[in-house]
Amino acid sequence: MRSPGALMGAAALAALVAGLGAGAPARAAPPASRVGFDAHSFTIDGKRLYIWSGEFHPYRLPSPDLWPDIFQKMKAAGFNAASIYFSWGYHSAAPGHYDFTGIRDMDRLLDAARDAGIYIIARPGPYINAEVDSGGFPLWFTTRPLANRSPDPAYLAAADEWLTQIDRIIARHQIDGGRGTVIAYQVENEYYKGSDQGRAYMQHLKAKARADGISVPLVGNHNGTFVDGVGAMQVSGWDHYPQGFDCSTPEKWNAAPDMADEHGAGQPIFAAEYQGGAFDPWGGPGYGACAKLINDRFANVFYKQNIAAGATAQNFYMVYGGTSWGWQAIPQNYTSYDYGAAITEGRQFDPKYYEMKRIGYMLAASAPLLSASAATPARVDDPAVIDVVRRDAASGSEYHLLRHGDTTAATPASVHIALALKDGRYPRVPQAPGTAITLDGREAKLLAADTDLAGQHLVYSTSELMTADRIGERDVVLLHGRPGSPGETVLRFARRPEVTVIAGAATLQWEKKRDLRINYSHDGLIRLSISGGGRPPLLLLIADTPSTEQVWRAETGTGPVLLLGAPLLRQAVLSGDTLALTGDGAAQEARAELFAPPAARLRWNGAAVTTAPAPDGGLAFTVPARPRLVLPALGPWERRAEAPEIDPDFPDQTWQEARLRSSASITKPGSLPVLFADDYGFHTGNTWYRGHFRNDAGHVPPTGIRLKVISGGKGGAYSAWLNGRFLGSVTGGEDGAFGFPQAALRRGDNVLSVLTVDMGHEEDYDSKGENRTARGIVSAVPLGAEADAIGWRIQGRRGGDGATDALRGPYNEGGLFGEREGWHLGKGGDAGWHETRLASNDDKPGVSWYRTTVRLDLPRGADASLGLRIADPPGRHYRAILFVNGWQFGHYVSDLGPQHDFPVPAGILDPHGPNRISVAVWKTDASPGGLGAVSLIDYAAMPAR
Ligand code: GAL
């Protein structure tokens, strides 16, 4: 085998990198764009923007009708941007073939983002990593001897083929004269090769993007590699995963990085990927643990620390993880890519969602922060606590981050700080005797001071700011703090205002600086009405943290609305005198209150609602409960025996004969011929091997066989049979040796059947061609016979290379007999299916299928998030592949786990019709067992994480 470095002729490389060294222009002038940037922030049309972004992968939610749901939920939490990987392999089943239809319709995706008011950071790779098969390289790359992620002309030709396709779509959705909201384009992904070769590669990708009409800033997440010089990004970004990826110790807490110096000259600080969760391996502790490891406290401390360090663009990986459906997962990971993210795989809210919302809202209300610089910290009277300050010179606005100096500290603290503001000196804040600024363990507070909030002036508050808006004739300002914690807010007026405490308890003090000082303990929602102080009337809302969860802000186009008391406000549209809100109800109907520009009529999800004036001037109305879902039990079930390949007389003449003597794989064959599944065009799921050997006068039969099979990762397995007799399985490993029982041998042709599985191809993080690590049998050594005593035939996914289900794409199925016959698609007739009960009680190793059809008739308009659950009696050893209406939505390994619940999005599941559920079960031993009980689950009705 040739090493990747040798693939490109020295002369060709020299030509490519020539002129890129000393003296060559490092940067061509970028094209004009509506998106700009300076050392403080990105801008759009010259206006500064805090980019508060979340990562979302459309290939992990193959239901275009639900894309708006994710974008709306992001927008509702104050996100204004989404970062999107486009996965090359998802669109390309074969060289030269690209599919952007149906679930792959990226125009539709980008339109959905635009319609929800979400900007896009486009990340087309060509390599994306992302815990997706081959890091996003197409399956057909597994047999190409390319020097991945390098200036190898053959690799670049392939990459350009993809980029031409995806760039065309991205370009037409640019904010620059396009129809969409793309504001940035990431070149490659975490590419760290600053060598001449690496720079030539990056330079090529940049030039390609420009040639394809990309005019928005080219950005990177290369952690300082392409900050300047050849191949430099316009804006460099940094990746941080401070908590790591081991979710088995969810209480662990690492130090927060300081991003202050992580930027190029004249560039803003951009966290291109900041940890928003973690992936979980086969046998791992589950995504509940990952959500704990990267929890709301983590968001509270780390994301605010980034703000205080000067980051004005943060993208959280992931905000919605979704599902690595089909065979898209890498070998290390199971089907769910929930990621412990803010929006769960079942599209519900993790507590972190609300924390990210609080911060996102605060940023939207803190414009001066975008031009602020690091300033001298305030004096804090507890050495364990530090102040990290940003100050905007033009306005004098200050933002003080109070946190433990040691961000891992879990001990509470009570402090006072000395503020020297344009508004005056406050040597001890809070001023009220007997109170303090309290920090819980693992809590940071970002406190605004000396700043305008709508028409008001805030001197300081020890509560954190969430929203500040002019709504109709008055200002509405919302502050918050932990339940029971003390708060002090000081507002400046021209003269003493009139204050009415409408709800909750607060004490008031009018002070000589014309300060109104308000003291309180955060408890529910305190409401004060303030007027007549020489400023517009003000409704001051002071919430405890839980009360902020049901606060929603949305833009109508003619001013914002604020809604209190609903689980979700998706959109608010004011047209004529009608204000139309769309949102979600709770399990029970709820009393909500709305602050909105004047409108004569209010509609909620299309229906007129009656409103009543509330004491604080809002409009009270009833949010109807969400429709109740009653899910049917699944059944009756039918079972059909499978795996005729085990039978020695099974006709395999149409299977491919293994004849290859060499391979493009980076794995060295342990025996010949090469038996790697990919080399015969079988890239996904199960592949069968049938080894024939003779037992007659001229041939000594082997006494056994030594096999090495690479499935990928510890979820792998293989099973072997001789002439229909089970020899055994290897689970979680590669090496196996099987003796051939004399009694199992027969005269003439003998058949060894081996069932293997490809758990996904490796990523190629280090550009070593690791996606070309072999899958399937890599070594087959007959014992007691000639090395070539066994002749092999191979069969995997029907049609092999390039053949694809046009609707579902290249990753959906593998090569089990039932898959080849289309049982999951409802083909193959009814013969052989027999009614059965679950949990099954089967003791035969091998493959069998189970099926049932469930008719759903869920209420129209209900956003049902359903899934399938497998519950097992203990001690079972089997693997299951779950299909719903032909779509593979789960890969289950009973004795490894941890995944038992498999969300199936509406669109795959039909909420208003029949649904065919097919489960292929591979029993790896002879102990009693088989498929456990399978039921439908409703994610909205499950306990919140
Ligand atoms: C990053 C990478 C992502 C993803 C992430 C871990 O380094 O850019 O694609 O792999 O790590 O989930």
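The values are calculated or read from the model by the stated rules, or taken from the named source; none is laboratory data. The structure displayed is predicted, hence computed values, not measured ones. Neighbour counts run over all protein chains shown; Cβ positions are idealised from the backbone, glycine included. Heads up: the accessible areas ignore ligands, DNA and RNA and are worked out on the full protein's heavy atoms, side chains in. Shrake-Rupley method; radii C 1.70, N 1.55, O 1.52, S 1.80 Å.
Observations, loosely collected:
- Bins of 5 Å, starting at 0 and running to the largest distance - Cα pair percent for segment 127-182: 4, 17, 20, 21, 16, 11, 8, 2, 0
- Largest first, the extents of the alpha carbon coordinates of segment 305-433 on the three principal axes equal 62, 35, 24 Å.
- 0 to 90° range, to nearest 10: angle between helix 67-76 axis and the chain longest Cα axis: 30 degrees
- Neighbour net charge for THR804 - beta-carbon separation under 12 angstrom, K R +1, D E -1: 0
- Cα centre as origin, Lys/Arg/Asp/Glu Cβ charges: the chain dipole, Debye: 1080 debye
- Per residue, the convex hull around the alpha carbon atoms of the chain comes to 164 Å³.
- Gap separating the Cα centres of segment 873-890 and segment 566-639, nearest whole Å: 37 Å
- Kirkwood hydrodynamic radius of segment 373-448, Cα pairs, Å: 12.8 Å
- Restricting the calculation to Cα atoms, segment 816-941 shows an Rg/Rh of 0.97 when the hydrodynamic-style radius is the Kirkwood one.
- Cross-link pairs LYS352/LYS714; LYS206/LYS768; LYS668/LYS708; LYS47/LYS206 - those with Cα-Cα distance over 20 Å: LYS352/LYS714; LYS206/LYS768; LYS47/LYS206
- Spread of Cα-to-Cα distances over 5 Å intervals beginning at zero, given as percent, for segment 461-611: 2, 9, 18, 20, 18, 15, 10, 6, 2, 0, 0
- Segment 736-811 and segment 457-536 have their alpha-carbon centroids 71 Å apart.
- Accessible area of the chain belonging to carbon and sulfur atoms, whole % at 1.4 Å probe: 52 percent
- Cα-based reach from LYS844 at 19 Å (exclusive), listing lysines while leaving out same-chain residues under 8 positions away: LYS923
- Residue-count net charge about ARG855 - beta-carbon cut-off 15 Å; Lys, Arg +1, Asp, Glu -1: 0
- Estimated from helices alone, the mean residue ellipticity of the chain at 222 nm is -3000 deg cm²/dmol (sum of -39500 (n - 2.57) over DSSP H runs with n ≥ 4, per residue).
- Of all DSSP bridge pairs formed entirely within the chain, close to 80 percent run antiparallel.
- Accessible area per residue for the chain, computed on protein heavy atoms with a 1.4 Å probe, is 35 Å².
- Measuring r between the beta carbons of LYS668 and ALA154 and using R0 = 30 Å, the FRET efficiency lands at 0.85.
- Counting every pair of alpha carbons in segment 72-132, the share spaced more than 14 Å apart comes to 62 percent.
- Placing unit charges on the Cβ atoms of the charged side chains and taking the dipole of the chain about its Cα centre, the candidate lying farthest along the positive direction among PHE37, VAL781, SER531 is SER531.
- The C-alpha atoms of the chain define a longest principal axis, and helix 106-116 lies at about 20 degrees to it.
- Rounded to the nearest 20 debye, the dipole size of segment 373-448 about its Cα centre is 180 debye, using +1 on the Cβ of Lys and Arg and -1 on the Cβ of Asp and Glu.
- Taking the longest Cα principal axis of the chain as reference, the axis of helix 196-211 is set at about 70 degrees.
- Against the empirical curve 2.2 N^0.38 Å, the C-alpha radius of gyration of segment 644-795 lands at a ratio of 1.02.
- Remark: segment 816-941 carries a charge dipole of roughly 160 debye about the Cα centre, counting +1 on each Lys and Arg Cβ and -1 on each Asp and Glu Cβ.
- Near GLY930: Cβ cut-off under 12 Å, other residues only, Lys/Arg at +1 and Asp/Glu at -1. The net charge is +2.
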